[in-house]
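Right, one structure below, let's go through it.
No lab work stands behind these numbers, since they all come straight from the coordinates. Note that the structure is a prediction, hence the values are computed from the model and not measured. Backbone-built Cβ (ideal geometry, glycine too); neighbour counts: all protein chains shown.
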Amino acid sequence: MKELELLNLKLNTLFNAIEIDINGNIYAERQQVGKIYNLKLYIYSNDHNPPHFHVESPDFNAYFDIRSCDLIKGKIDSNNHAKIRYWHKDVVDELLVVWRQLNPK
C-alpha cells in the first residue's frame, strides 16, 4: 500500500504542481484557474498578499491583483493584458474563493 500512496503522490506532484519536502509533506501547491490560448493562469498556496493570480506563458511571467486585475509584477503586452482583463471580469468572485481555499491565513 505504501508504494501505491507514493505513486499517487508523485502523479499529483507531476500533474497538479504539488511541491513536497524531503519527508513527503506538502508545502505548496498551485491550482490552474484558467487558460487563454498559450497563457496559463494559476493561484498558489501559501502565497503573499494581496490576493493575486499568476500568468505564465512562453514569453512572460506576471501576476495580477485578483480584485482589480492590475499588474503587480512582470511585463505583459497590451494585447495579452486585454485578454486577461476580459476573462477576469467574469471570474473574479471564483478567483477569490480559490485564493481563500489555498491561502486560509
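A few points about this structure:
- Greater than 22 Å apart at Cα, pairs in K40/K105; K35/K89; K35/K73: K40/K105
- Here segment 29-102 is treated with +1 on each Lys and Arg Cβ and -1 on each Asp and Glu Cβ, and its dipole about the Cα centre works out to around 80 debye.
- Packing rank of 45-58, 77-90, where each peptide gets the mean count of other beta carbons within 10 Å, highest leading: 45-58, 77-90
- Rounded Å value of the spacing that divides the Cα centres of segment 37-57 and segment 71-105: 7 Å
- By the count of neighbouring beta-carbon atoms within 10 Å, fewest first, I43, I72 end up ordered I72, I43.
- Summing charges over all other residues whose Cβ lies under 10 Å from the Cβ of N38, with Lys and Arg as +1 and Asp and Glu as -1, gives 0.
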